[in-house]
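A.B. asks: Please read through the structure below; I'll follow up with questions.
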Amino acid sequence: MSLPAVTVSQSPEEKFREYLASRDKPQRFTEQQRELLAHVFARHKHFDAKELIEDLKAAKKNVSRATVYRTLTSLVDAGLLRRIELGDRTVYDHDYGYPAHDHLVCEKCHSMEEFQSKELEALLEKVAAENQFRIEGHTLVIRGVCAACNAARAAKHRFVM
């Protein structure tokens, strides 16, 4: 499922510049950060820091490894990206400009599928209300085996017999 972008009042760059300027010790917005931000928001895909570094090198973008790691942390803090912990791997997902969604992760091929569920959102709101809790966000990752891996496993077992 591919999620459509939602209308936002600021571009990711404008929002990030605002975040950097509003810090206790304001930080400047660098050319490396601009290139990284433009690259990340030019496509909607899940990625880890290592993949991002390789993608930036392939695109001939001159962004240092240290800048990638520092900027990813800042982009999460600014509300532009969401950090998703998958065991020993940390992936990043767009949190700004995309609707609320959750993830199905295949334990075999490591694919990640996004989904939305109005019923799940309603249940979370009900549970929060019952506990006098104000939801500010959530991250749900459902682990299992995807349809393609299940089909491959079934086909393998048919040929073995």
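Please treat every number below as a calculation from the coordinates, not as lab data. Worth saying up front: this structure is predicted, and the values here are computed from it rather than measured. Note that each Cβ is placed from the backbone with ideal geometry, even for glycine, and that neighbours are counted across all protein chains shown.
A.B. asks: For a quick check: with amide H placed at 1.01 Å from N, whose amide H comes under 5 Å from residue 86's, ignoring anything fewer than 5 positions away on the same chain?
C.D. replies: Amide H neighbours of residue 86, under 5 Å, 5+ apart: 91.
A.B. asks: Which cross-chain or sequence-distant (5 or more) residues have an amide H under 5 Å from the amide H of residue 29, H modelled 1.01 Å from N in plane?
C.D. replies: When sequence neighbours closer than 5 places are left aside, there are no close amide H contacts.
A.B. asks: For the stretch 32-38, in order, what is each residue's ³J(HN,Hα) by Karplus, 6.51 cos²θ - 1.76 cosθ + 1.60 with θ = phi - 60°, in whole Hz (x at glycine and Pro)?
C.D. replies: Here the 3J(HN,Hα) series is 4, 5, 4, 5, 5, 4, 4 Hz.
A.B. asks: Using the Cβ atoms and a cut-off under 15 Å, what net charge is assigned to the surroundings of residue 105, where Lys and Arg are +1 and Asp and Glu are -1?
C.D. replies: -2
A.B. asks: Work out, step by step, the length gained on full extension between residue 114 and residue 155: first 0.36 nm times the residue separation, then minus their alpha carbon distance; give nm to one decimal.
C.D. replies: 12.2 nm
A.B. asks: Divide by every residue of the chain the summed helix terms, -39500 (n - 2.57) for each DSSP H run of at least 4, and state the resulting mean residue ellipticity at 222 nm, rounded to the nearest 500 deg cm²/dmol.
C.D. replies: The helix-only estimate for the chain comes to -14000 deg cm²/dmol at 222 nm.
A.B. asks: If you don't mind, there's one more thing I want to ask. I need the trypsin sites (Lys or Arg not before Pro) found in the stretch 28-84, filtered to DSSP loop residues with at most 10 other beta carbons within 10 Å of theirs.
C.D. replies: Values: sites: 28, 34, 43, 45, 50, 57, 60, 61, 65, 70, 82, 83; in loops: 28, 43, 45, 60, 61.
When the trypsin sites (Lys or Arg not before Pro) of the stretch 28-84 are filtered for loop state and at most 10 Cβ neighbours within 10 Å, 28, 43, 60 remain.
A.B. asks: A further question on this structure: Based on the Cβ-Cβ distance of residue 65 and residue 28, what FRET efficiency does E = 1/(1 + (r/R0)^6) give at R0 = 22 Å, to the nearest 0.05?
C.D. replies: Efficiency at R0 = 22 Å is approximately 0.65.
A.B. asks: Rounded to whole Hz and in sequence order, give me ³J(HN,Hα) for the stretch 135-140 from the Karplus expression 6.51 cos²θ - 1.76 cosθ + 1.60, θ = phi - 60°, writing x for Gly and Pro.
C.D. replies: Along the stretch 135-140, the couplings run 6, 10, x, 7, 10, 10 Hz.
A.B. asks: Here is a follow-up. About the Cα centre, and with charges only on the beta carbon of Lys, Arg (+1) and Asp, Glu (-1), how big is the dipole of the stretch 1-99? Nearest 20 debye, please.
C.D. replies: Computed charge dipole of the stretch 1-99: roughly 280 debye.
A.B. asks: Let me ask you something else. Do any GluC sites (Glu not before Pro) in the stretch 66-161 lie in a DSSP loop with no more than 10 other beta carbon atoms within 10 Å, and if so, which?
C.D. replies: Loop-located and lightly packed - 136.
A.B. asks: Then there's this: Where a ≥ b ≥ c are the square roots of the eigenvalues of the C-alpha gyration tensor, would you call the chain rounded, which needs a/c under 1.5, or, failing that, prolate if a/b is larger than b/c, or oblate? Don't skip to the answer; put the middle values down first.
C.D. replies: Values: a/c = 2.45, a/b = 1.32, b/c = 1.86.
Oblate shape, in that a/c is at least 1.5 and b/c is the bigger or equal ratio.
A.B. asks: I need the calculated FRET efficiency for the pair residue 55 and residue 129, taking r as the beta carbon distance and R₀ as 41 Å, to the nearest 0.05.
C.D. replies: FRET efficiency, residue 55 to residue 129: 0.45.
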